[in-house]
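Read the figures in this text as sums done on the coordinates, not as results from a lab. Note that the structure is a prediction, hence the values are computed from the model and not measured. Virtual Cβ from ideal backbone geometry, glycine too; neighbours counted across all protein chains shown.
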6 protein chains.
Amino acid sequence: MSAHSPIEYRDANAKVRAVFDDIKRTRQVEEVNNFWKYLAHDAATLQRTWESVKEVMAPGTLDARTKEMIYLAVSVTNGCAYCIASHGAAARKAGMTEEMFGELMAIVGMANETNRLANGYRVPIDDAFER
Amino acid sequence: MSAHSPIEYRDANAKVRAVFDDIKRTRQVEEVNNFWKYLAHDAATLQRTWESVKEVMAPGTLDARTKEMIYLAVSVTNGCAYCIASHGAAARKAGMTEEMFGELMAIVGMANETNRLANGYRVPIDDAFER
Amino acid sequence: MSAHSPIEYRDANAKVRAVFDDIKRTRQVEEVNNFWKYLAHDAATLQRTWESVKEVMAPGTLDARTKEMIYLAVSVTNGCAYCIASHGAAARKAGMTEEMFGELMAIVGMANETNRLANGYRVPIDDAFER
Amino acid sequence: MSAHSPIEYRDANAKVRAVFDDIKRTRQVEEVNNFWKYLAHDAATLQRTWESVKEVMAPGTLDARTKEMIYLAVSVTNGCAYCIASHGAAARKAGMTEEMFGELMAIVGMANETNRLANGYRVPIDDAFER
Amino acid sequence: MSAHSPIEYRDANAKVRAVFDDIKRTRQVEEVNNFWKYLAHDAATLQRTWESVKEVMAPGTLDARTKEMIYLAVSVTNGCAYCIASHGAAARKAGMTEEMFGELMAIVGMANETNRLANGYRVPIDDAFER
Amino acid sequence: MSAHSPIEYRDANAKVRAVFDDIKRTRQVEEVNNFWKYLAHDAATLQRTWESVKEVMAPGTLDARTKEMIYLAVSVTNGCAYCIASHGAAARKAGMTEEMFGELMAIVGMANETNRLANGYRVPIDDAFER
């Protein structure tokens, strides 16, 4: 089979179900997103990715909202449509207001612009940045 | 001449000097970074870029530290060595601790990974994200 | 006309038909993919691209399956939806199993993550890698 | 301090040393690469990244050489200088000959070209690729 | 609300209307594109982006057609579907023929290929390019 | 051997020498650039790439200067340091003035910015662009 279809809980094996259960419990949702249902085609990658995301996105020195906004900024830069939709929703759920989204997008746009200006003008790194 | 050299204040025209003065005043620094000295080869782009960066990076709903961290996340994703150095320094100046930097990098890495997993598994956007 | 439509064999000129014929013969297919039907708007690019792909993708020291999997890894990294679909199909036709696809995707994800970790931590190249 | 320096074994804490020891044991090397010495600034990311890389790069359905070549193809596409050097070395150690490297590079170049041709001509995905 | 909808003129505030009016006047169109209707969710970004685009895309030493073709080349490289469609249309309106489009696409494809060949072979910059 | 060194004319085989000779003749230079000396490790890729570049970059409907500027715009977007240096030099040799370079860079920066604004706001393509 060339393309994939989502693996639903009822059709999943024990290993996949255990990950789905942990996602639902951790995020307090009734259903996992398509991302996990597709990754379920490879139980090892599903489990490793979920464990990593759970560890990385848990509130730490940075709060959950800031973390989701950084995730969204990367996804917008890479042009990943699925990730923009899913992490846009997650960031809003974690408290990102429309005003914050506007500021985030302005920075992402500006950084993508000045990254290329620095490339094209071949700007050498200031000694001051190296300490 | 094929490559550029930095334009120092003493060699700059009035328009460039006015931008350099505003950068120094706004950021309370004694010297502008190489980025601006190279952009000075095109006074119109220098002025427009500085006005835009000043507007976008001023504290708003998001604080200065969060803004610099988003800028850094984009620069790391794009692999812009100059911007990683300059915005890394700026983020630290704005209060980013090493622990925050570690969390930022973990998210940037993870987002770049899952962006490709979503691409490769061709995951369709969940209806829930569209409202 | 601003956007393109596919050029079908019956509407193609002699130069385009010759390329289409060679694609069908080489790949033993009855119909060329949309990619070639769109490129047919520029016969020179169609011919050059096909000749190059034919040369590069012919089995060499690397077998056809490995070659298609490398093509797919690049396409997933770049987020090219068309290429992910077409080279995913080609890789499967050349023998890529679902287990191999899973391993491929795990590597692509991990490489995209560690590429950014190396960028962000500004890791200098080890002397050992230089000889 | 704004930029990082490598953390050597003698200066590392117990958690970092345990990871370094496992890398040396698994890869049968006497010294870990700079990548790990810089990641050591964040022991959690060091450990998680190493565990993931170890799992993903272990020989599976795909052999070690093929896996390293896929890693290299992604790194070349992203332009990560460190990763090109380190995974180029790793792929050679795993058996990639110069002839294989040449074929790999030809595919990476071609894929990056045709990815953009597909983008620019806005080629719709063939029904045949969808099943 | 998580996803956006376009803001139409009748629903826009005074600041947004002023930008829409200026776009219509400058471009002599009766309706602004979706891009501007979505940016209108953030009036500051809408205004700044429009002022910048207007300044940058005004005929200068380079004519309007060349400028739009450069914009299109970047958009194709980044794989931005919206921008490929909108700047493809704008370039054609500014005089880009199908033959020119074909030549543009051939260059964009070739540049994306050789950029990776230069990366992968780790080619050092010739002294001659540094003057 | 892990990394490459340039292959000089005196050490090259007949196939490589023939390509070097054609490059020198076509471009009227006394020495080929490092790019070609490194590609010479794979004579097939050297020859194919040169033939393609020669065909694509020959003056057509677009003049040589415009072609080199498009090449440069892509290279700046991708952040390929070698290509920015080499095609910057080539564009200047073909007549690009510093003023043109400034305009080019302004467009490249702006396109990279608005590409991300379109991504992040998830702007749907206007019917008008589809004809």
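Hydrodynamic analysis of the stretch C:1-78 uses the Kirkwood radius over alpha carbon pairs. Inserted into Stokes-Einstein at 10 °C and 1.306 mPa s, it gives a translational diffusion coefficient of 116 µm²/s.
Each Lys or Arg adds one and each Asp or Glu subtracts one; over the other residues with Cβ under 11 Å from the Cβ of C:R65, this totals +1.
Within the shell of other residues whose beta carbon sits under 13 angstrom from the beta carbon of D:G79, the net charge comes to +3, with Lys and Arg scored +1 and Asp and Glu -1. Pairwise Cα distances in chain D exceed 25 Å for 42 percent of all pairs. Among rounded, prolate and oblate, which fits the stretch A:17-62 when a ≥ b ≥ c are the square roots of the eigenvalues of its C-alpha gyration tensor, a/c under 1.5 means rounded, and a/b larger than b/c means prolate? Here the stretch A:17-62 falls in the oblate category. Inter-chain neighbour count for F:33-39: the average number of beta-carbon atoms from partner chains within 10 Å of each residue's beta-carbon is 6. For the listed residue pairs B:K24/B:K93; C:K93/D:K93; E:K24/E:K93, the alpha carbons are over 24 angstrom apart in C:K93/D:K93. Label-point spacing at D:V29 relative to the other copies reads 3.6, 3.6, 3.8, 4.1, 5.3 nm, in ascending order, each point sitting 7 Å out from Cα along Cα→Cβ. Distance from the alpha carbon centroid of the stretch D:8-30 to that of the stretch E:1-75 works out to 55 angstrom.
Our helix-only sum for the protein assembly as shown, with -39,500 (n - 2.57) per DSSP H run of n ≥ 4 divided by its residues, gives a mean residue ellipticity at 222 nm of -21500 deg cm²/dmol. Give, as a single signed number, the net charge of other residues whose beta carbon lies under 10 Å from the beta carbon of C:D126, with Lys and Arg counted +1 and Asp and Glu -1. After counting each charged neighbour, the total is -2. Taking the C-alpha atoms only, the angle from helix F:98-120 to the longest principal axis of chain F is near 60 degrees. Each other copy places its own label point for F:E98 at 4.3, 4.4, 4.4, 4.7, 6.3 nm from this one, sorted shortest first, where the point lies 7 Å along the Cα-to-beta carbon line. Only Cα pairs under 8 Å and 6+ residues apart enter the sum, and on that basis the relative contact order of chain F stands at 16 percent. Ranked by the mean number of other Cβ atoms within 10 Å per residue, highest first, peptides D:73-86, A:35-48, F:27-40, A:6-19 order as D:73-86, A:35-48, F:27-40, A:6-19.
From the square roots a ≥ b ≥ c of the eigenvalues of the alpha-carbon gyration tensor of the protein assembly as shown, which class results: rounded (a/c under 1.5), prolate (a/b over b/c), or oblate?
Values: a/c = 1.15, a/b = 1.00, b/c = 1.15.
Taking the square roots of the gyration eigenvalues as a ≥ b ≥ c, the protein assembly as shown is rounded.
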